[in-house]
Structures are given as C-alpha cells and as structure tokens.
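Here's the structure we're looking at; comments come further down.
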Amino acid sequence: MSALIEVKGLDKAFGGVHAIEGLSFSVDAGQVYSVIGPNGAGKTTLFNLITGLYTPTKGEIKLGDRDVTGIPPNKLAELGMCRTFQQMQICMNMTALENVMLGRHLQLKSNLFTTLFRLPALLKDEEDCRDHAVELMKFVGCGDYIDSEASAMSYGALKRLEIARALAAKPKVVLLDEPAAGLNAVESAELEELLQKIAAQGITVVLVEHDMKMVMGISDRVLVINYGRKLAEGTPEEIRNNPDVIAAYLGG
Amino acid sequence: MFAEFLQYLFTGITIGATYALIALGFTLIYNASHVINFAQGEFLMIGGMATVSLIGLGFPLPVAMLGAILLAAVMGIALQRFAIAPAKQADPVTLIIITIGASIFIRGIAQLVWGRGYHSMPNFSGNEPVNIGGAVVSTQTFWVLGVAAVLVAALVLFFTRTMIGKAILATSMNKVAARLVGIRTEMVLMLAFLLSAVLGSIAGIIVAPITFTSYDIGIILGLKGFVAASLGGLGSGMGAIVGGLLLGVVEAMTAGYISSDYKDAVAFGMIILVLFFMPRGLMGARVVERV
Amino acid sequence: MLKSLLHNRLSGLLLLAIVIFVLPVFFNNPFHYDMATQIAIYATTVVGLNLLVGFAGQISLGHAGFFGVGAYFSAIMTGVYGWPPVITLLLGAVLVGFLAFVVGRPILRLKGYYLSMATLALGFIIAIIINNEGWLTGGPDGMPVPSLSVFGWELSTFSSYSFLGMTISGSLAWYWLAGVLLLLGVWLAQNLIDSPIGRALRSVHGSEVAASVVGVDTARFKNLVFVISAVYASLMGSLYAHFQGFITPDIAGFMESIILVTMVVLGGMGSTIGVILGAVLLTLLPQLLADFHEYEMMMFGLILMLTMIFMPKGLLPTTQRFIRSRLSKKKGEQA
C-alpha cells in the first residue's frame, strides 16, 4: 500500500526546547491512524507541523509523492489535506451552515464579477454549496442545527460541525486533533461511529486522542510519542502489550 | 559643518527624549492592560497647558508644575476607571475608538478652559543659550535630558526593586495568575495609568519652554510617541527609549538636511519600514500563536 | 431556505430605497438636500469600509487617505488638465485600487495594533503630501473643483434643470445621484457578503486559521477586500470633490479617518444598514451641536466614549437585540 503521508526525521525546536525530535512514520492511504501519548508529548505540535501551521526545524514531510514541508495550510488543503483543532476554530460570526459552506471554498466556481452582480452562475454555485453543506451536517449528526447560529450550538455539536467543515473540503486525508475531548460517553460513541463512516468512504483519518477505548477500537495503526520522540508504532494489539508504552503511561 | 550636525543632533535627542517618555507611557499601559492609549498625548498637553495656566494665576513655577502633574494624574485614573474598565472585553477596534474619544473629550475641555491660543513657558534656567562645539543649545535641553534620565532611572528601580512595580509586571504577564497570588489587578491597572499620566505630563512640562504649547499639541505628539514605542517594539521599555531617541534624531536630521515640511512624515515613514521588515520592532519579543 | 434568505437581503435594501425616495417630502430648502447628499456620500464610503472592518475584521485608521486621493485626483485632473470628470473618477478609482493593492500585501500581513499603526501611518503620509505639495494641490488652503459634467452637461448645486416639465434644483439632482449610488453600493456590498467570497472574507474575521485549513488564501482575500473598500472610498472622494466644488487637505486627515471608522463601529460593524445609520448620526451630530459650538468637541468625544462603552456592538445590532429580547419576553409572559 502506498504511503499517503510520510514523515522523515522531523524536528521542531522552540528556542532550546525540542518539541519534536527525530520523528519518522508513515500513514497509508485509507487507514485510520492514531497518535497517542502523555500530555505535553508534542502531539498537537506534530499536527501543526504536518498541516503547515509550523515550519519544521529539520526533516521532511511528504503527501503522496510531493514534498510538502513548510507549505502553508491553504495550499495543503488544495492538495487534499484538512484538519480540525483541539481548541475549536469555529467562525462564531457566521451561522452553522455557513461554517460548513466555508469548507467548500476550494470548489467555488464563481469569481468577483459573477459575485458582485449576483449572476445566475453564482446563484447556482450557492445552491449547490448549500445543499452539500446540509447533507454533510446531517451526515455528522448536526441535522438539528441547520438553521442555527454557530454561537447557539453546544460544545459537542460544534466539534462535529468542525468535522463537517473539514469534510466539505473533499479531503483525501483528514487530521482530527482530540475530537473526543470534552465529550461524554454517549457523544464519544456517536463520534466513533462517525469516524468509522468517514473511513468507510475511503478518506484517510489521522487522529490525536486520549480516549484509549476509541483509539484501540477504530485504529488500524497507532503511533505513541513521548517527549517529542517515537516511543512505539504498531497495531493496537501490539501497542497495548508494549512494555515501554505501559511504563510511559503508568509511570515506573 | 560639524556645528550644524551637532545642532541637529541636540535638537534631535531633546525631542527624542520627549518621545521616549511618551513612548514609555504607552508601553506601561500596554503592558498592564493590552490597551493602546490614544489619549497618551493629552497628558503631555495637560502638563504644559496647566502649568502655564497656573503660572498665569500667580503660582510659582514649582507649585504650578506640581499642580499640573496632579491634574494629569487624576485624569489618568479617571480615564482608566470610567473609560477603560467599563469596556472590559471589547474589540480592540472599539478600545482604540474609546481612547480616541477620550482624547477628543480631553481636548474639548482644554479648548473650553484655555482657548485655542499658543502659549509659551519660560526656560527653567534663563534664556542664555550654551555653546557646545559651535552648536547653540538652550539650557532647557539639559533639563529635558536630565529629567528624562532621572525618570527612566526611577522607573527601572521601581520595577525591579519595589513590590508594587513587580506586581505591575506580574499583572502584565498573566492577569489571572497575578490575581490568584493576591495581586489586586484593578489597582495595578489604575497605577499603570497614573504612572503613564505622570510621565506624560512631566514630559509636557519640560519640553514646553522649547516648543509652544496649545490645546491640540497632544495629537501629533501622542502619535509620534506611539510610533516611537512601536519602533522599539511595543511592550519593551528599552525599546520605547531607543525608539524615541532614534525617531527624534532622524526627524531632526531630516528637517535640517532634507526638508522641514516633511518632518512629520519621517515618523510615519519609519514606522512603515519597521513594520514591514521588523514587525516586532527593534527590540520586541517574538510571539508564537498557540493553536 | 434560499427564498427566505433573499427576503432578508432585499428587505434592508428596499427599506433604504423607500427612505431615500420619501425623505425629500420633509425637505424644504436646498440645505437639507445638500446635507442628505453629503450623508449619502459618506454612507457609501463606510459601506465599503465596513467590508474591511466589519466583515473581514481588519482595522484601518487611514482610510480617509484613499478618499482624499480620489478627491484630489479628480480635482487636479479635471481642474488643471481639463480631463472629463466621469472618466477621471473611474481612473482615479483604478489608481487608488492599484495603490491599495501594492501597499495592501505587506500591510495586511500585520495584525491587530500593528495593522492599525501601519494604516494610520499610510493615511498620514498621504495627508502630509497633499498638504505640502501646494503647487499641485493648493496646499492647506485647498483647491477648487469643477462641477461634475457629462458630455458638456453640467451637474452643479447652483444650477437648476428642467425635467419632464418640472424645474429641478441642482441640489435635488445631486441628492438623487448620491442616493442611487448609495443603493448601488449597498447592493454590491450585500452581494459580495452573501457569497462564497463573502464567507471567505468573514472567516478571516471569525478564525483565520480555520479559513486557511479549508483552503482560503487569507492574504489574498484580505488584500481583495482592502482594494474594494479603497475603491469605494476613492469613487466617493471624487464625487465629494465635484459636489462641494472645493476641497481641503483635511478630508484625507487623521480625524476624517477616525470619523469613518467610528461611523462603522457606531452603526454596527458587519451591518451594512447599521453603518449607514452611523454615517447619518455622525454627519448630523456637528449640526446638532452647532448651537453649543464651544462644547462641540467635548460633547463629540463624550458621545463617542459613551456609545462605545455601552453599545460596543454598535447602535443597530444593540437595538435589534434589545427589541428581540423584549419580544421574546412578551412571548414568555403570554405562555
């Protein structure tokens, strides 16, 4: 199977602190790949590096055959990579639906002229965009909020909204940063179902999570990092039984 | 040749010292509350105008100066309590407009009380200028530089040696943490504005004999002080001083050698250059946004 | 759903059109028309500025600079070089658009107060140049501007025209022109906002990082809205010049820029109709305070502070929310 994301020798230093050190791993297309590790291990930093928010100090990141090291996030979106955030980045100044419609930005066909004069081409674009967004909101389970303002939605619903927005970008791979954070047991189970639905569509899912049950339940492969370095990588079964991993999580 | 250069240099560092003091005032308030106080220049104006006014009423110079500083201090506290504190979580744009509104308000009162005329103040040590290497320098220049140096030294001591000073620094770094260790952040904010007002008014007093003073000098001087603070890197005290002096000198040199019409444009040209090539200023810290 | 959205969009525009159409009933001398024309010109300017400040969430403390360049370009080219006014007006807009494009890229990389500083500086530099280059601009004393004319037919507030058998004063004609342009400006702005491009712009305000991960080139969009708002300002500046017949450098100055931004914030950032209200209020305020001439500056500053402290979202949104909460309270009581 071909690697969709390949990370080689990744290093990120903030002043004297190495948040990520000598990290290498690869994610195959179509997999559900989870990244776990204790708090402060550098998981979000890793995500920010892969998704272009940070530039690596050293190392290489490849998406498919392309070297995408240091490429800004909006260009990565064009190449099929999209993500959600640990601290949600929802545009509270827009409605829920508009947030999802934003995700379809790259598919917009109208230009400034058709927009300013509201020509039929734009109206068609808008209607398509809206229909797709409504579908996506139903897909992620936010169907009740189709007419709401983003600011009126619950935390759990907003997390799913962010996923809908990411999906609207028609990504090949979607990176989710702690999507289960702050969710109760019921919401977590719903999320797990959603993630499986997404994976079933052939979209590669890379996940940062603390919820071990979910991680072990849906992942094809798991990466464990600690202090910015790779501690272990393998199937959930292998990771569960890895003594180093157990030590890192339980101490001793 | 050299005398001319020296002349401009002295003019430059004199006005530069004034800019530095205004810039320090901006930095103080910004550090304590993340507010850009567009009314900063008005403290300067009050310092000069109130002193002139009190002298006119018959008070001796030292008393007049004290009165002016007191007035500015009260204005500073009032500004914080009645204009900034109530606005709390407002948009940065809104806060900027509030302080601009405050500056217009203060200017309006000044115009009402003192009229629109220009006033002058006598030099502190007489009108005999001093000759230094061919440059004719007013004795007031030494007052400006001396007082500025004393103020800066006092501030440094205040922030490094006193509990209150450290409390202000702590609040500026992390308001919540400061509160948690018992620092009364509301007091700290008021204090920051108070200090800022005092700094500004003293600057206004010492420079008034050199430049005329009137109800509307606050705008352009305030803006230049803002530019000076940005040049050095907003938030850095050292930067405010360096920025102020640099701006003053470049401005004087430009006025002397190139064109005095474009003197004011110097400040704005410099800030654009700095913002494009060194946005954090000459000494500002780099900030990484956590996502 | 699309239909209900259309309903919302057009209702504001329709209301505005009705107001513009009906207002002359209350006017009984040319001064009223002139005042209304001035308000309409400023209103259109801030509709454009609102795109940048209200929707895209950027700060511009130097926008009067663009207004001034438009005005002086028209004044100089039509007055000194005899260019046809309408062509000049459009060319001026292109020039200003280009200027905004060039300075926009580096300036808009800055955020927050750095951006406000840069736009402030830009505005000041423009104002200083206009003030100093007296040989071109007449300097601080200002310069006269020929009337707006199309193929020799002049539009001036001092003339009167016959139309369908009626005599129409120049002031009334100017009023209609300004009113129509305001409606056009609002329509275009609303079209922009309610579109994929509009969402991209608003996302820059909502969460720039979210925008970038779905593919929005935020730098490009910030620049786009900067250019558009500058073009609005330039066109209105040119119009203003022809309307007044005489311009001075302070139309490009710092206070003017502040007034423009205040109109946006006062009326309600992100509300196209709200900012028009802001323009109305801030243009009328000096008139209302004229009796208290001495106190004018003080009162202006006070009103500015008070409205920003107690109604930070702006007048229109705050009023809308107040009305909405009252209505839902009533519903609650009836239930």
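Look at (1) surrounded by fewer than 24 Cβ atoms within 10 Å (Cβ to Cβ); (2) over 16 Å from the mean Cα position of the chain (by Cα); (3) within 30 Å of C:Glu208 (Cα to Cα) and you find that C:Asp34 fails only one, number (3). Is there a residue in the stretch B:115-125 that is without any contact (Cβ under 8 Å) to a residue 40 or more places away in the chain and out of contact with any helix residue (DSSP H, G or I) (no Cβ under 9 Å at 6 or more places or on another chain)? No, every residue in the stretch B:115-125 fails to be without any contact (Cβ under 8 Å) to a residue 40 or more places away in the chain and out of contact with any helix residue (DSSP H, G or I) (no Cβ under 9 Å at 6 or more places or on another chain).
Condition check ((1) in contact (Cβ under 8 Å) with a residue 24 or more places away in the chain; (2) closer than 23 Å to B:Glu186 by Cα; (3) surrounded by fewer than 24 Cβ atoms within 10 Å (Cβ to Cβ)) across all residues:
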| residue | (1), (2), (3) |
| --- | --- |
| B:Met1 | no, no, yes |
| B:Leu6 | yes, no, yes |
| B:Leu9 | yes, no, yes |
| B:Tyr19 | yes, no, no |
| B:Gln40 | yes, yes, no |
| B:Gly48 | yes, no, no |
| B:Ile69 | yes, yes, yes |
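Give the residues of the stretch A:134-147 that are of a type in the set (Phe, Trp, Tyr) and at pLDDT below 90, sorted by residue number. Don't jump to the end; show me each part of the working.
Keep residues of the stretch A:134-147 that are of a type in the set (Phe, Trp, Tyr), which gives A:139, A:145.
Matches in the stretch A:134-147: A:Tyr145 only.
Taking the criterion of being assigned to a loop (DSSP other than H, G, I, E, B) and more than 7 Å from every other protein chain (Cβ to nearest Cβ), the residues of the stretch A:91-116 that qualify are A:Lys109, A:Asn111.
On inspection, A:Ala121 does not qualify as more than 7 Å from chain C (Cβ to nearest Cβ), of a type in the set (Gly, Ala, Ser), in a helix (DSSP H, G or I) and crowded, with 19+ Cβ neighbours inside 10 Å. The helices (runs of 4 or more DSSP H) found entirely in the stretch C:94-209 that carry 2 or more residues being within 30 Å of B:Pro92 (Cβ to Cβ) and within 14 Å of chain A (Cβ to nearest Cβ) are C:170-193, C:196-206.
All of B:Leu234, B:Leu247 fail the test of being within 27 Å of B:Arg107 (Cα to Cα), of a type in the set (A, V, I, L, M) and at pLDDT 90 or above, apart from B:Leu247.
Can you tell me which of A:Leu183, A:Leu194, A:Leu223 is surrounded by 16 or more Cβ atoms within 10 Å (Cβ to Cβ), of a type outside the set (Asp, Glu) and within 19 Å of A:Gly37 (Cβ to Cβ)? Let's see the steps before the verdict.
Numbers: A:Leu183 fails: within 19 Å of A:Gly37 (Cβ to Cβ); A:Leu194 fails: within 19 Å of A:Gly37 (Cβ to Cβ).
One residue alone meets the criteria, A:Leu223.
Do we have A:Gly59 as away from every other protein chain (no Cβ under 12 Å), on the phi > 0 side of the Ramachandran plot and surrounded by fewer than 19 Cβ atoms within 10 Å (Cβ to Cβ) here? Working first, answer last.
Numbers: away from every other protein chain (no Cβ under 12 Å): yes; on the phi > 0 side of the Ramachandran plot: yes; surrounded by fewer than 19 Cβ atoms within 10 Å (Cβ to Cβ): yes.
Against the criterion (away from every other protein chain (no Cβ under 12 Å), on the phi > 0 side of the Ramachandran plot and surrounded by fewer than 19 Cβ atoms within 10 Å (Cβ to Cβ)), A:Gly59 qualifies.
Scoring A:Arg83 on the criteria (1) away from every other protein chain (no Cβ under 14 Å); (2) within 23 Å of A:Ala157 (Cβ to Cβ); (3) of a type in the set (Lys, Arg) leaves a single failure, condition (1). In the set A:Ala157, A:Ala232, A:Ala247, A:Ala189, only one residue is outside any helix (DSSP H, G or I) and more than 14 Å from chain C (Cβ to nearest Cβ); that residue is A:Ala232. All conditions but one from (1) crowded, with 24+ Cβ neighbours inside 10 Å; (2) of a type outside the set (D, E, K, R); (3) free of Cβ contacts under 8 Å to residues at least 60 places away in the same chain; (4) within 26 Å of C:Gln190 (Cα to Cα) apply to C:Ala118; the one that does not is (4). The residues on offer are B:Gly117, B:Gly101, and the sole one that is outside any helix (DSSP H, G or I) and either surrounded by fewer than 16 Cβ atoms within 10 Å (Cβ to Cβ) or at the interface with another protein chain (Cβ under 8 Å from one of its Cβ atoms) (or both) is B:Gly117. For the stretch B:267-280, the criterion of being more than 10 Å from chain C (Cβ to nearest Cβ), outside any helix (DSSP H, G or I) and at pLDDT below 85 is met by at least one residue.
Here A:Lys75, A:Lys109, A:Lys43 are screened, and the one residue that is basic (Lys, Arg) and farther than 28 Å from A:Ala121 by Cα is A:Lys43.
Look at the stretch C:240-267 and say how many of its residues are more than 12 Å from chain B (Cβ to nearest Cβ) and either assigned to a helix (DSSP H, G or I) or crowded, with 19+ Cβ neighbours inside 10 Å (or both). Walk me through it before giving the result.
Step one: list which residues in the stretch C:240-267 are more than 12 Å from chain B (Cβ to nearest Cβ), which gives C:240-252, C:256, C:267.
Imposing the further condition that a residue be either assigned to a helix (DSSP H, G or I) or crowded, with 19+ Cβ neighbours inside 10 Å (or both) reduces the set to C:240-244, C:247-252, C:256, C:267.
Looking only at that region, the number is 13.
For the stretch B:172-182, does any single residue satisfy the condition of being basic (Lys, Arg) and buried (at least 17 other Cβ atoms within 10 Å of the Cβ)? Yes - at least one qualifying residue is present in the stretch B:172-182.
Conditions tested, residue by residue: (1) within 14 Å of chain C (Cβ to nearest Cβ); (2) under 20 Å from B:Leu221 (Cα atoms); (3) assigned to a helix (DSSP H, G or I).
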position: B:Asn37; (1), (2), (3): yes, yes, no
position: B:Ile46; (1), (2), (3): no, yes, yes
position: B:Pro62; (1), (2), (3): no, no, yes
position: B:Leu71; (1), (2), (3): no, yes, yes
position: B:Met75; (1), (2), (3): yes, yes, yes
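Restricting to the stretch C:270-312, name every residue that is part of a helix (DSSP H, G or I), within 13 Å of another protein chain (Cβ to nearest Cβ) and among the hydroxyl-bearing types (Ser, Thr, Tyr). Result: C:Tyr295, C:Thr307.
Restricting the stretch C:141-158 to residues that are of a type in the set (Ser, Thr, Tyr) and within 20 Å of C:Phe31 (Cβ to Cβ) leaves a set whose member that is modelled with the lowest pLDDT is C:Thr157. Checked against the criterion of being crowded, with 18+ Cβ neighbours inside 10 Å, within 9 Å of another protein chain (Cβ to nearest Cβ) and modelled with pLDDT under 90, the candidates A:Ala166, A:Ala150 yield just one match: A:Ala150. From the list A:Ala19, A:Ala77, the lone residue that is part of a strand (DSSP E or B), touching a residue at least 12 places away in the same chain (Cβ under 8 Å), crowded, with 17+ Cβ neighbours inside 10 Å and within 14 Å of another protein chain (Cβ to nearest Cβ) is A:Ala19. Looking at the structure I just gave you, is C:Leu14 without any contact (Cβ under 8 Å) to a residue 40 or more places away in the chain and either more than 19 Å from C:Val145 (Cβ to Cβ) or not hydroxyl-bearing (Ser, Thr, Tyr) (or both)? Yes, satisfied.
The values are calculated or read from the model by the stated rules, or taken from the named source; none is laboratory data. The structure presented is a predicted model; accordingly, all values stated were derived computationally and were not measured. Don't worry about glycine lacking a Cβ; one is built from the backbone with ideal geometry, like all the others, and counts go over all protein chains shown.
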